[in-house]
Amino acid sequence: MEPSFIFGQFVGGLTAAMTLFLIASGLSLIFGVLRVLNFAHGSFYMIGAYLAWQIVQWIGPGGEGFWLAVLGAAVGVAVLGGVIERLLLRHLYRREELYQLLFTYALVLVIADMAKLVWGTQQFGVSRPPSLAGSFQVFDTTVPHYNLFLVLLGPAIALGFWYFLNRTRTGRMIRAAALDREMLGTLGANVDRLYTGMFMLGSFLAGLGGALVTPIKSIIPGMDVAIIVEAFIVVVIGGLGSFWGTFFGAIIYGQVLSFGILIFPRFSSFAVFALMAAVLILRPWGLFGRPISR
Amino acid sequence: MRVRRLLGAACAFAGVLPFAAAAQDIKVGFPMILSGPGALSGEPALRGAEMLVEEVNAAGGVLNGRKLRLIARDTKGAADEAVRVAREMILKDEVNFLVGTFTSAEGPAVSPIAKENQIVFIAPVTKTDQLTAPDKLHPYVFRTASTTTIEGRSAAELAAKLPNVKRVATMTQDYAYGQDTAKAFLDHLKKLRPDIEVVDQQWPKLGEADYTPFINAQMAKKPDAVFSSLWGGHFVTFAKQAKPLGYFDAIKNNFIGAGEAGAIETAKAMGSDYPAGIWANSYDISNWESGPQSHKDYIARLRKFTKDENPSSWPITGYVAMQALVAGIKKANSIDSDKVAKALLDITFDAPTGQITLRGKDHNANRGQFWGLMVMDPKYPFAVMAEANYLEPTKFMD
């Protein structure tokens with residue numbers, strides 16, 4: 001086996017991992033603080049992709065307007081998330097988790113049909129921005145600039161969040177809210193606003209992920225359900241609610257998938273599911289998570 | 001006494017009247033993917049069927065003025081759901097015929113329902129050979145789609161003619177359609193060019209989101225031509241990831257994309273990202289300059305019907321399947337499925353692309369596809385098929 005090939009697989013796996021991390025981190029954050037397992041997270045990702053396409057159509061495809069579209073899509077999804085949290089999800093916090101799960105699942109169906117109503121069933125595509133359209137050679141392997149950008153964006157966002165959660169006042173409040181919501185409320189913090197903000201932030205990440213994958217994937221109905229399964233695998237491996245767990249969970253997922261096809265060429269997803277099953281049996285709280293105690 | 005009889009007759013007549021009016025319509029059940037990723041092909045296929053129904057009804061219907069009525073239901077792309085809606089349409093809506101289903105899982109699942117209820121069932125899209133394999137064939141199932149054998153062999157004919165090709169690889173999905181097309185392609189290619197070596201076969205799963213590992217693994221084997229049957233959005237995702245990795249350059253664009261990789265929907269979705277220079281197929285093209293007048297007229301009507309200047313390539317599947325049914329009803333001069341099924345054997349009718357025959361021996365149509373080189377044409381903002389060739393498939397069918 002040639003080293004260039006191994007390097008290519010490694011970079012490929014890393015690209016997949018970092019896009020998945022963007023999406024799974026939002027899912028994990030929302031669960032970590034709000035204790036809501038948001039099935040509709042994949043739907044937010046899909047809406048992010050559709051919005052990015054829509055904005056690109058408005059400002060004219062093929063230019064650097066792509067970045068504006070990405071930002072616009074992520075903000076748009078964050079607003080959508082905020083509205084959903086304020087008007088709907090808020091009423092379910094004190095209910096059993098099963099109801100929350102059913103509610104977010106209902107959202108998946110509603111959003112999928114709304115997207116179909118607005119954008120139809122056609123497939124769409126967005127081009128890579130001209131600034132990142134090229135590629136370069138490392139160890140005889142072609143690495144597209146856009147893929148490199150995605151690979152670097154992942155750790156940047158992870159570090160940013162680490163700083164935000166650990167070194168800022170809002171971050172400390174968020175961590176406090178995750179531990180004891182009532183106590184934080186009694187101490188005078190506006191927990192409601194914190195929750196809305198957190199949900200919007202998680203939705204923002206989903207929208208950002210959806211917008212950023214448009215140059216490497218096709219935008220089609222059904223992309224919502226496909227991604228949520230992968231995101232769940234990542235957070236289960238890494239540990240639900242654990243930020244770094246999600247980061248390393250995504251990397252493990254990407255690499256296992258990438259190199260898995262060398263060992264089981266026709267069972268590429270087998271290795272990933274086997275890993276998830278093993279994690280669930282041996283460490284149900286994930287490789288980097290902590291057992292949940294209430 | 002006479003009055004009573006007259007009254008009785010009148011009552012009986014009145015009682016029959018609404019039924020008689022309802023029976024005027026010939027009901028055709030149309031189970032089709034209308035949600036999820038497959039809907040992007042299923043919806044336009046339904047539009048094609050609707051267009052034919054409108055045309056036939058506007059011309060006075062069939063069998064002395066009986067109108068066709070299409071009853072469409074969403075199969076969600078799942079075989080069990082397709083079976084459920086097919087049953088429901090037969091029992092509740094009392095449809096006279098079934099035309100529809102999409103995937104190679106749905107078609108073979110609905111076929112036994114047609115057999116059990118003795119209702120003619122015409123599959124417009126399902127390509128798997130298993131639908132009409134000798135052990136599965138029954139009097140009521142017909143296919144106006146192409147088949148995996150036709151598609152794989154047509155691609156092999158193309159591959160055999162590519163210059164300087166010695167090492168061939170395949171990139172096909174790991175389910176019935178992908179496996180059947182890959183097998184048909186390789187079996188036929190080995191006959192045409194025994195000197196060609198098969199160096200690699202990749203089997204991404206249906207719905208794979210990240211093809212990069214498969215692309216890298218294939219490039220490492222250094223093939224100089226590749227056969228693929230990735231379809232619809234799957235091809236778009238694959239090509240978007242493969243192009244920046246230098247995949248198409250490495251094989252000098254010797255890429256043969258079956259599975260309608262040359263469909264206008266795919267080209268539109270990709271714009272300038274389309275890997276121009278590859279070979280691909282499509283059910284229909286809107287710019288077939290050397291084609292017959294019937295096709296030009298059809299495209300003109302489709303433009304009007306769908307209000308799309310560059311209409312989808314899928315309506316023709318639903319259109320032709322409905323044409324076959326109408327031809328069968330007219331020939332049988334009845335809507336009795338037994339009579340129509342007999343009439344459909346070896347029936348010939350004029351499709352937009354030319355004459356089509358439903359072969360009596362295996363109930364398959366000589367339904368070919370367009371093959372051509374995909375190029376960027378300044379007249380369009382997306383890739384189009386240059387010198388598109390409609391491959392007449394009769395010679396590939398046995």
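The values are calculated or read from the model by the stated rules, or taken from the named source; none is laboratory data. It should be emphasised that the depicted structure is a prediction, and the values quoted were computed from it without experimental measurement. A quick note on method: Cβ atoms are made from the backbone with ideal geometry, for glycine too, and the neighbour counts reach across all protein chains shown. Remember, those area values only see protein heavy atoms, side chains included, never the ligands or the DNA or RNA. Shrake-Rupley method; radii C 1.70, N 1.55, O 1.52, S 1.80 Å.
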What are the residues in segment B:195-242 that are closer than 27 Å to residue B:164 by Cβ, assigned to a loop (DSSP other than H, G, I, E, B) and more than 10 Å from chain A (Cβ to nearest Cβ), if any?
B:195, B:196, B:222, B:223, B:224, B:229, B:230
Residues that are assigned to a helix (DSSP H, G or I), in contact with a Pro (Cβ under 6 Å, 6 or more places away or on another chain) and either closer than 24 Å to residue A:255 by Cβ or among the basic types (Lys, Arg) (or both): does segment A:12-19 have at least one?
yes
Boolean, residue B:393 is crowded, with 20+ Cβ neighbours inside 10 Å and in contact (Cβ under 8 Å) with a residue 40 or more places away in the chain:
yes
Counted residues, segment B:85-119 - those being among the aromatic types (Phe, Trp, Tyr) and part of a loop (DSSP other than H, G, I, E, B):
1
Against the condition more than 14 Å from chain A (Cβ to nearest Cβ), open to solvent by 50 Å² or more (accessible area, probe 1.4 Å) and of a type outside the set (Phe, Trp, Tyr), how does residue B:43 come out, does it pass?
no
Take segment A:96-106 and flag every residue that is open to solvent by 80 Å² or more (accessible area, probe 1.4 Å), free of Cβ contacts under 8 Å to residues at least 40 places away in the same chain and either more than 25 Å from residue A:43 (Cβ to Cβ) or in a helix (DSSP H, G or I) (or both).
A:98, A:99, A:102
Among the residues of segment B:51-70, is any in a helix (DSSP H, G or I) and among the basic types (Lys, Arg)?
no
Of the residues B:169, B:209, only one is touching a strand residue (DSSP E or B) at 6+ places or on another chain (Cβ under 9 Å), in the same structural domain as residue B:256 (by TED's automatic domain parsing) and surrounded by fewer than 24 Cβ atoms within 10 Å (Cβ to Cβ); which?
B:169
Just to verify a result, which residue in segment B:46-68, among those that are closer than 18 Å to residue B:299 by Cβ and away from chain A (no Cβ under 14 Å), is surrounded by the fewest Cβ atoms within 10 Å (Cβ to Cβ)?
B:54
Filtered residue count, segment B:260-281, keeping only those that are more than 18 Å from residue B:156 (Cβ to Cβ), within 16 Å of the chain's Cα centre (by Cα), open to solvent by less than 10 Å² (accessible area, probe 1.4 Å) and more than 9 Å from every other protein chain (Cβ to nearest Cβ)
1
Looking only at helices (runs of 4 or more DSSP H) that fall completely inside segment A:107-208, which ones have 1 or more residues that are more than 30 Å from residue A:4 (Cα to Cα) and acidic (Asp, Glu)?
A:181-186
Among the candidates A:203, A:258, single out the residue that is open to solvent by less than 10 Å² (accessible area, probe 1.4 Å) and within 10 Å of chain B (Cβ to nearest Cβ).
A:258
Kindly indicate the residue of segment B:243-259 that is open to solvent by 10 Å² or more (accessible area, probe 1.4 Å), more than 7 Å from chain A (Cβ to nearest Cβ) and part of a loop (DSSP other than H, G, I, E, B) and also farthest from residue A:136 (Cα to Cα) among those meeting that condition.
B:254
Within segment A:110-163, count every residue that is within 20 Å of residue A:70 (Cα to Cα), within 10 Å of another protein chain (Cβ to nearest Cβ) and either free of Cβ contacts under 8 Å to residues at least 24 places away in the same chain or touching a Gly at 6+ places or on another chain (Cβ under 7 Å) (or both).
8
Pick out the one residue from A:261, A:237 that is of a type outside the set (Phe, Trp, Tyr) and under 27 Å from residue B:232 (Cα atoms).
A:261
Only one of (1) assigned to a helix (DSSP H, G or I); (2) among the polar types (S, T, N, Q); (3) more than 14 Å from chain A (Cβ to nearest Cβ) does not apply to residue B:290, and that is (1)
Let me spell it out: the conditions are (1) modelled with pLDDT under 90; (2) surrounded by fewer than 17 Cβ atoms within 10 Å (Cβ to Cβ), and residue B:161 meets all of them except one. Which number is the exception?
(1)
Where the second residue is polar (S, T, N, Q) and the first is modelled with pLDDT under 90 and lies in segment A:59-78, which pairs have Cβ atoms under 9 Å and are six or more apart or on separate chains?
A:61/A:127; A:61/B:272; A:62/A:127; A:62/B:272; A:64/A:131
Can residue A:32 be described as at pLDDT below 95, part of a helix (DSSP H, G or I) and more than 13 Å from the chain's Cα centre (by Cα)?
yes
Which condition from (1) within 10 Å of chain B (Cβ to nearest Cβ); (2) open to solvent by 10 Å² or more (accessible area, probe 1.4 Å) is the one that residue A:214 breaks?
(2)
